[in-house]
1. To one decimal in nm, how far is B:Gly35 from the same spot in the other copies, if labels go 7 Å from Cα toward Cβ? Please give the shortest first.
2. Fewest first, what order do A:Asp195, A:Asp72, B:Asp165 take by the number of other Cβ atoms within 10 Å?
3. Using only Cα atoms, find the angle between the long axis of helix B:156-175 and the longest principal axis of chain B, and express it within 0 to 90 degrees, rounded to the nearest 10.
4. Sort A:Ser148, A:Ser187 so that the residue with the fewest other Cβ atoms within 10 Å of its own Cβ comes first and the one with the most comes last.
5. Between copies, how far apart are the A:Glu97 label points? List them in nm, one decimal, shortest first, with each point 7 Å from Cα toward Cβ, please?
6. Does the stretch A:70-197 come out rounded, prolate or oblate, given a ≥ b ≥ c as the square roots of the eigenvalues of its C-alpha gyration tensor, rounded meaning a/c under 1.5 and, failing that, prolate meaning a/b above b/c?
7. Might you report the magnitude of the Cβ-based charge dipole of the protein assembly as shown about its Cα centre, with Lys and Arg at +1 and Asp and Glu at -1, to the nearest 20 debye?
8. Please determine, in degrees from 0 to 90 and to the nearest 10, the orientation of helix A:136-148 with respect to the longest principal axis defined by the Cα atoms of chain A, where the helix direction is its Cα long axis.
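What follows draws every value from the coordinates through simple rules; no lab data is involved. Note that the coordinates shown come from a computational prediction; the quantities given were computed from them, not determined experimentally. For neighbour counting, all protein chains shown are included, and Cβ atoms are generated from backbone atoms with ideal geometry for every residue, glycine included.
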Number of protein chains: 2
Amino acid sequence: MADDKRRAILYATLCLLSERGFHGFSMKQLAERAGVAAGTIYLYFRDKEDLIRQLYQDIISEVARRVFVDHDTSLPLYEQYRRMMLNLWTFHLECPEIMLSKVQFDSMPPDLLFGQRGKEMAVLLDQRDDVLDVFKPMMELYQRGRDSGELKPFSDEMLSALCIDPVCALAREHYLGLLHINEEQLSAVIDATWDAIRWHPQPTVNPV
Amino acid sequence: MADDKRRAILYATLCLLSERGFHGFSMKQLAERAGVAAGTIYLYFRDKEDLIRQLYQDIISEVARRVFVDHDTSLPLYEQYRRMMLNLWTFHLECPEIMLSKVQFDSMPPDLLFGQRGKEMAVLLDQRDDVLDVFKPMMELYQRGRDSGELKPFSDEMLSALCIDPVCALAREHYLGLLHINEEQLSAVIDATWDAIRWHPQPTVNPV
DNA sequence: CTAAAATGAACGAATGTTCATTTTTGTGTG
DNA sequence: CACACAAAAATGAACATTCGTTCATTTTAG
């Protein structure tokens with residue numbers, strides 16, 4: 001009945017966003033891609049920004065669901081980490097539109113993605129926390145690693161930049177055909193990012 | 001005389017591109033920001049795409065100039081690497097517009113940045129090679145590292161994803177105020193990226 | 001006074017959004 | 001089962017703006 005039109009519009013938005021960017025596609029193009037009339041979009045979404053906002057919420061929770069699908073806190077940290085990174089890789093290749101849209105979301109003003117521009121600040125902050133809450137398993141892994149001395153004493157953001165960003169970047173280039181990464185290489189890359197964040201007993205200096 | 005208008009237009013383009021994206025600003029806004037009339041832009045650039053193309057060439061060579069400003073092949077690899085990363089960090093904080101525009105360029109169709117859409121393929125490939133040529137010192141560092149066994153046997157693209165992407169990502173978040181990184185932390189991050197790409201004598205496994 | 005540089009009003013096309021109209025859906029009645 | 005009919009859902013032409021680009025005109029420089 002009704003909700004699958006909403007889904008169709010959201011998916012078409014995802015595709016166009018990843019292809020053309022937020023200002024790069026028109027509502028008429030979106031309507032055509034989704035197989036609905038232009039006016040129909042406004043039955044489900046207030047305006048173009050609201051559309052992006054709802055899409056963002058959708059994607060965030062979907063990514064988290066997939067990355068932590070086989071999450072198991074009883075495993076050693078390295079094993080937990082490896083699973084997450086493999087899930088991240090697989091998910092990115094299965095849903096390249098989501099992977100490609102990440103860049104677009106990153107380059108948007110934050111108040112477009114969260115809360116309603118100037119209205120109740122509390123709601124805004126709550127929504128923002130909710131989004132981050134979805135990735136709690138990752139943050140808990142970081143915390144346990146820092147506490148046990150297995151990981152370097154970096155902040156969550158620094159650790160993420162060292163391990164998640166490279167994998168996302170490589171998945172993107174792999175999908176675009178700029179390079180090819182087989183299973184063995186992927187394994188080596190995950191180990192390399194683990195090398196980046198894990199605490200090394202001996203100091204990192206130039207071995208001359 | 002004439003060329004400083006061209007520079008003003010290019011700089012205004014850079015600013016607006018980093019703030020709003022390619023489709024996110026109009027030629028009228030650009031004219032106002034650059035302090036010229038709308039028609040003047042078309043004296044120096046064929047159209048909006050040509051403007052972006054010329055800006056891209058400009059930026060690429062400027063980045064390379066700054067990152068390799070004190071390049072010295074006689075130094076140990078680690079020291080060369082550290083210098084490049086420090087230069088990259090400094091440059092990004094001094095020219096945040098360039099740093100922020102990187103994401104925009106990355107998400108553009110390649111034929112917008114290189115060559116003239118369908119005309120002479122040879123020219124297109126040449127220009128592409130020229131762009132990559134600018135970063136030759138980095139590629140040579142990779143090659144020497146692989147040859148000597150100091151670095152992991154990864155492709156240039158894989159190594160770049162492991163060391164350049166994290167530093168760029170952190171510089172961006174630092175500039176946007178999402179986190180703060182002091183000199184000591186920056187040094188530790190550079191070492192962490194070096195850990196990611198350098199060859200480790202003992203195998204990377206979970207120490208249980 | 002001439003040639004080059006710069007201007008900004010004006011162009012047709014395209015933008016995001018609205019709303020009067022049409023189509024579909026769900027339900028009660030003969 | 002057929003039909004009527006009101007409510008809900010969907011439509012797409014029309015709206016005022018704004019877009020990238022042009023070019024007749026004005027300003028500047030030598």
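1. 5.5
2. A:Asp72, B:Asp165, A:Asp195
3. Its long axis makes an angle of about 70 degrees.
4. Going from sparsest to densest Cβ surroundings: A:Ser148, A:Ser187.
5. Taking the point 7 Å beyond Cα along Cα→Cβ, the inter-copy spacings are 3.5 nm.
6. Oblate.
7. Charge dipole, the protein assembly as shown, about its Cα centre: 1040 debye, nearest 20.
8. 20 degrees
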